[in-house]
1. Looking only at the range 48-85, which residues are part of a helix (DSSP H, G or I) and surrounded by fewer than 18 Cβ atoms within 10 Å (Cβ to Cβ)?
2. Quick check on this structure: which one of D45, D74 is of a type in the set (D, E, K, R), out of contact with any helix residue (DSSP H, G or I) (no Cβ under 6 Å at 6 or more places or on another chain) and modelled with pLDDT of 90 or more?
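The values are calculated or read from the model by the stated rules, or taken from the named source; none is laboratory data. Quick caveat, the model's predicted, so the values are computed rather than measured. Cβ sites come from the backbone with ideal geometry, for glycine too, and all protein chains shown count toward neighbours.
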Amino acid sequence: MSKIQEIKGCIPPENYYNENLAGAFGKHTGNGWHKWNGLCPFHADKRAGSLVINKMSGAFKCFSCGVNGGDIIDFHMKANGLSFKDAFKELRGEVQCAK
């Protein structure tokens, strides 16, 4: 298993977003995508539902400002202005997996 897959497996998207977007989302929707809707942290969002997050994969998209990504690593990079390498290092430090 690669280190990237290890991070993705050890930090479930639901846990990551609950910790990093506390109070900013929570409306659960269906349509087979297992997603949340909420406020986008990437712009001065006032319309709940602009940001959609896939609870299974961590993918996200804002329909107002257009920011998007495929997983929590992408989100962490964009939310914190980090390179992939730096975001990976930060998230790797949070991994609490049983070996």
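1. Taking the range 48-85 as the starting set, the residues that turn out to be part of a helix (DSSP H, G or I) are 72-80, 84-85.
Hits for the range 48-85 are D74, K78, A79, N80, F84, K85.
2. Values: D45 fails: modelled with pLDDT of 90 or more.
When all the criteria are applied, what remains is D74.
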